[in-house]
1. Restricting to the stretch 193-345, compute how many DSSP beta bridges are antiparallel as a %, nearest 5.
2. Could you work out [θ]222 nm for the chain from helices alone, using -39500 (n - 2.57) per DSSP H run of at least four and dividing by all its residues? Round to the nearest 500 deg cm²/dmol.
3. How much net charge surrounds Gly335 when only the other residues with a Cβ under 11 Å from the Cβ of Gly335 are counted, with Lys and Arg +1 and Asp and Glu -1?
4. Can you put Thr202, Thr167, Thr323 in order of Cβ neighbours within 10 angstrom, beginning with the fewest?
5. Please report, in whole Å³, the volume per residue of the convex hull around the C-alpha atoms of the stretch 130-258.
6. Go through Trp76, Leu105, Asn347 and say which Cα lies farthest out towards the positive end of the charge dipole of the chain; charges sit on Cβ, +1 for Lys and Arg, -1 for Asp and Glu.
7. What is the helix-to-structure angle for 373-387, meaning the angle in degrees between its Cα long axis and the longest Cα principal axis of the chain, kept from 0 to 90 and rounded to the nearest 10?
8. Once the other residues with Cβ under 9 Å from the Cβ of Ala283 are scored (Lys, Arg +1; Asp, Glu -1), what is the net sum?
Amino acid sequence: MKNKDTAQPTPEQLELQAREKRVWDAIRLQKPDRVPIVCYDEYFSLNRGGITAAEAYYEPERASEAFVENVVKLNWDMVSLFGIFPGKVGEIIGLKSNKWAGYNLPDNQEFQYVEKEYMLADEYDQFLKDPSDFVVRKLWPRMAEGLEPFGLFPPILALSHTYAPITEIASVAGQPEVQEMLKTLLRVGEEMNAYLAHVDQTIEALKQKGYPVLIGESGAHAPFDWISDYFRGIKGSMMDMFYQPDKLKAAIEVVTPPIIEYAIQAAEEMGSNVVFIPLHRGADPFMSNDQFAEFYWPSLKELLLALIEAGLTPSPYWEGSYTNRLEFLAELPPGKVWGHFEVMDLNKAKEVIGDVMCFWGNVPSQTLISGTPEQTKDAVKELIDIFGDNGGLIIDGAVGIPKEAKLENVIAMTEAVFEFGVY
């Protein structure tokens, strides 16, 4: 808020602007005043505030208060909003594709995705014939008990061919199972609205204190991951590369345009210029470079370039080791992609993409959890020595800040930036 007497920005507003500028200068490969610190923090601050994962999933107001209080103490430049799963939403809908604390996992365990083949190997043709119909009438019922009545619907495309589609829809809506599902969806919507209200309160509370938030950034998926994560599972998709590669590539081609369209639309609606893209299957151990070039990279590159063309900043999380993929990353336009790295040959990354992409990361988790403050500072200093010359560096843990990290090590990470990272 502005001071009413002078109409000048408050100190908190000025600090907010300075932090945001520092981060964006680094992303654009322009030297900021010092190396920024931007942290993924899903559970560490909550843990410091005495909030279990179960409490966070079901008591978002308490989670928000603890998160804000502890983030401010840590003095980072920007923080991602804690990715807490709304427990009541999942419980009401009867979600089968996830497990979470307070419902079917221990109270302090992070939520888990249930890996399986939600689309069977012999169902590619059904999916390719009418993707939306397959998702609504086959996939959703398999992923949530509350959505099983969608399986009673006639083919979606068939409804558009009737002279009076409302008659067909009304007939389906009159079935008791469907009526119950509609009631469930209303309850889910109410719970989701309440959850999102707490998210908005958290963002605003941090901004009022001068801390920008990497908001519920809008998100996207690599098209290969979309098929592998939600349709075929990792085993199925890896087998498909060998036994039915053409159908796998056809499915990837089908889902790429709607993934791009949705990501751009969601970013516009949320007022966010960052699109977070967690990458799950493209790491070095999962496939060869030849397979990466054939199945993974073309559609991912198409997504990244489309987002850039729309004026957005893709933020891929290069999960796992991506050292063998650096030659691909070098194809991207300089200063347009904000990549978070988990495992990487640092010197090779500097050599290949140092003038292409800001390096975000990558203080080892084992150092933050079981190392010493001195070892943590050494890790930060190494990053600054390698990447700091052109300003293209942002500090974070390799996988964000683990909830098991020692407080003294997290503090040492910040202290090291202030000691070694001032330009």
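Taken together, the values in this text are just the output of simple stated rules run on the coordinates, not laboratory data. What you see is a predicted model, and the numbers here were worked out from it, not measured in a lab. Here Cβ is always computed from backbone atoms with ideal geometry, including for glycine, and neighbour counts include all displayed protein chains.
1. Values: 0 of 11 bridges.
Rounded to the nearest five, the antiparallel share is 0 percent.
2. Numbers: 20 runs with 212 residues, N = 423.
One gets -15000 deg cm²/dmol as the mean residue ellipticity at 222 nm.
3. Values: positive: Arg28, Lys336; negative: Asp25, Asp355.
With Lys, Arg at +1 and Asp, Glu at -1, the net is 0.
4. Values: Thr202 23, Thr167 10, Thr323 16.
Ordered from fewest to most neighbouring Cβ atoms within 10 Å, Thr202, Thr167, Thr323 come out as Thr167, Thr323, Thr202.
5. Details: hull volume 20.8 nm³, N = 129.
Roughly 161 Å³ of hull volume per residue.
6. Of the candidates, Trp76 comes out farthest on the positive side.
7. So the inclination is approximately 80 degrees.
8. On the way: positive: Arg281, Arg325; negative: Asp284, Glu319, Glu342.
Result for the local shell: -1.
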